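For reference, the structure discussed in these notes is given below.
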Amino acid sequence: MTGSCTRPWTGLANMTNKEGKKMKPMNLYSILLILFLLYPTSAIAQSKSRVKGTMPKSTMKATAKPDQLPEQPMCTTSALPDIMVKKIELRGPSGPLKPGQKCNVNVHLRNIGQCETGVFFLELRARVQVPSIRKDDTETVGAKKVYSIAPRKAGSPGTSTVSFSYTLGNYQWAQYNFTAVADSTNHITEFNEANNEKYGRDEVADALRQ
């Protein structure tokens, strides 16, 4: 099988006008200029992005930065803070606690160390046990920032109280075990790390259904 093929630049170099007269051949520079103008600029941009190994700007997604805490304050001496969970209290409206009530869980904190604590997170968890329906679930009530506790002075520790909102379940009888964890992200260097966690237990019964 025979055939012929024509190079694209041959046609450009042998173009004729309307009267059929042969035009002057175009030099290589002119041909390259025409090809550059005809080549889509968007294709050039895409080829550059592939060569560099990056995505086009329109499709790049920003990554979220985690919540950062300020650095722990440093004392002039080698003293350290010491955060302690003193007590957990479940408080509702006046009278005995009843199922379905909205309550506050108050966590009492102390700094028994010789240096200011700095900002840290306090996390509260709740374990709900209901034997009648074989329920035993643990959930995180929430986490809050504690904006620093003053150091111990003249024998008296620095104190702070943090409150969490909590709604009791509608059970005839339930046991609530609350766990408070101070400095739950281990951000603060302390003298004693073993007293950052405490448990508190409350039993709630619906006397009207018994």
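The values are calculated or read from the model by the stated rules, or taken from the named source; none is laboratory data. Predicted model only: the values in this text are computed from it and were never measured. Ideal geometry is used to build each Cβ from the backbone, glycine not excepted, and the neighbour counts take in all protein chains shown.
Before moving on, here are some points about what is shown:
- Of everything in the range 75-87 that is touching a residue at least 24 places away in the same chain (Cβ under 8 Å) and more than 16 Å from Asp183 (Cβ to Cβ), the residue that is surrounded by the fewest Cβ atoms within 10 Å (Cβ to Cβ) is Thr77.
- Leu80 meets the stated requirement of being closer than 16 Å to Asn196 by Cα and over 28 Å from the mean Cα position of the chain (by Cα).
- Every residue from the range 78-99 that is under 30 Å from Cys115 (Cα atoms) and modelled with pLDDT under 80: none
- Pairs, first crowded, with 21+ Cβ neighbours inside 10 Å in the range 172-186, second basic (Lys, Arg) and modelled with pLDDT under 95, C-beta under 6 Å, six or more apart: Ala180/Lys198
- Positions within the range 89-121 being part of a strand (DSSP E or B) and β-branched (Val, Ile, Thr), in sequence order: Val105, Val107, Val119
- Selection status of Ser148, surrounded by 16 or more Cβ atoms within 10 Å (Cβ to Cβ), touching an Asp or Glu at 6+ places or on another chain (Cβ under 7 Å) and either without any contact (Cβ under 8 Å) to a residue 60 or more places away in the chain or at positive phi (or both): yes
- Within the set Ser165, Ser148, Ser132, the sole residue that is out of contact with any helix residue (DSSP H, G or I) (no Cβ under 7 Å at 6 or more places or on another chain) and modelled with pLDDT of 95 or more turns out to be Ser165.
- Of all residues in the range 152-162, one or more are of a type in the set (A, V, I, L, M), surrounded by fewer than 13 Cβ atoms within 10 Å (Cβ to Cβ) and free of Cβ contacts under 8 Å to residues at least 40 places away in the same chain.
- Scanning the range 99-134 for residues that are surrounded by 16 or more Cβ atoms within 10 Å (Cβ to Cβ) and of a type in the set (D, E, K, R) yields Arg110, Glu116, Glu123, Arg125.
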